[in-house]
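Coordinate-derived values only; no laboratory data. Because the structure is predicted, anything quoted here is derived from the model rather than measured. Cβ sites come from the backbone with ideal geometry, for glycine too, and all protein chains shown count toward neighbours.
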Amino acid sequence: MAATVRINEYNGAGPTTTNGISNSNFGSTDAANITASSFPITSGTNSFEKWQKFEVTALGGSSAIKDLKVWYTGTLSGSDTFKTNARTSSYPGAASFTTPTASASTYTQTMPSAAPAVNLGIAGSLTGSLTGTGTSDYLVMQIGVNSGTVAGTTLTINWRYTEVA
Amino acid sequence: MAQKDTSERQLPELAIGWADEMTDEEKFGKFISGGAVYDTQEDELQSVNPETGFLPTDPQSMGENWEAIQQAALDRGSEE
């Protein structure tokens, strides 16, 4: 046995929580599991932010979950930007939820394109761990779309965690 | 992923409605899982996901690669 985990997304002012999301498509609306082609992002503007968390729903016999790493693979189109709050040093603690916006995000770290060191905290710390069910800090992400963008770019967002038996 | 039957919907126990039939105001602060909407995260965790057929606590709820995901995470733990 091992832990059972999922990714949840938070939308609207409530926020409304969508548990176990099936995609992380960015678009011009603040909603989970969107069809990207239905909500295109105009060049020169930003996607709505994504606010997501990693959740452990069952430890399954493991004693702890730790070392969260988030990055993307694939190639950004044109001069698009991919910003986040995830960072491997000077981590400022857990982000406090604010309604996702399509204005420029206040989080301006560049999302890594290869597996980084630990870059998303638990309980506000990169060295934090979950020893029961619970969630990570918020991961905030936003795509900035440049005029050179080609429609239909696909990236993969990777989440990695370590289980302590 | 299994398709929801939209012609004759059976609400899961504890669910208060379906996300695609509710306004954003009605969903404010609620918890959505597989299209069903719950009042609390605890209610949602106790309910079988109407799309996957699994409880959120079941390892199979992680998707078809659930065994590989768990093994890779365990392997990283044992390396330390």
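Points to keep in mind about this one:
- Applying 1/(1 + (r/R0)^6) with r as the Cβ-Cβ distance of B:Glu42 and A:Thr127 and R0 = 35 angstrom yields a FRET efficiency of 0.80.
- A Cβ-based charge dipole, computed about the Cα centre of region A:1-108 with Lys and Arg at +1 and Asp and Glu at -1, lands at about 220 debye.
- Three-way shape call for region A:73-123 based on the alpha-carbon gyration tensor, with the a/c threshold at 1.5: oblate
- Region A:108-165 and region B:13-34 have their alpha-carbon centroids 27 Å apart.
- Site pair B:Asp20 and B:Gln71 shows an inter-label distance of 3.6 nm when each label is modelled 7 Å from Cα along Cα→Cβ.
- Within 10 Å of each Cβ in B:67-78, the average number of Cβ atoms from other chains: 6
- With Cα atoms, 0 to 90° folded angle of helix B:66-78 axis to chain B main axis: 40
- Taking a ≥ b ≥ c as the square roots of the Cα gyration tensor eigenvalues, the protein assembly as shown comes out oblate, since a/c reaches at least 1.5 and a/b does not exceed b/c.
- Within chain B: Cβ-based charge dipole about Cα centre, in debye rounded to nearest 20 (Lys, Arg +1; Asp, Glu -1): 80
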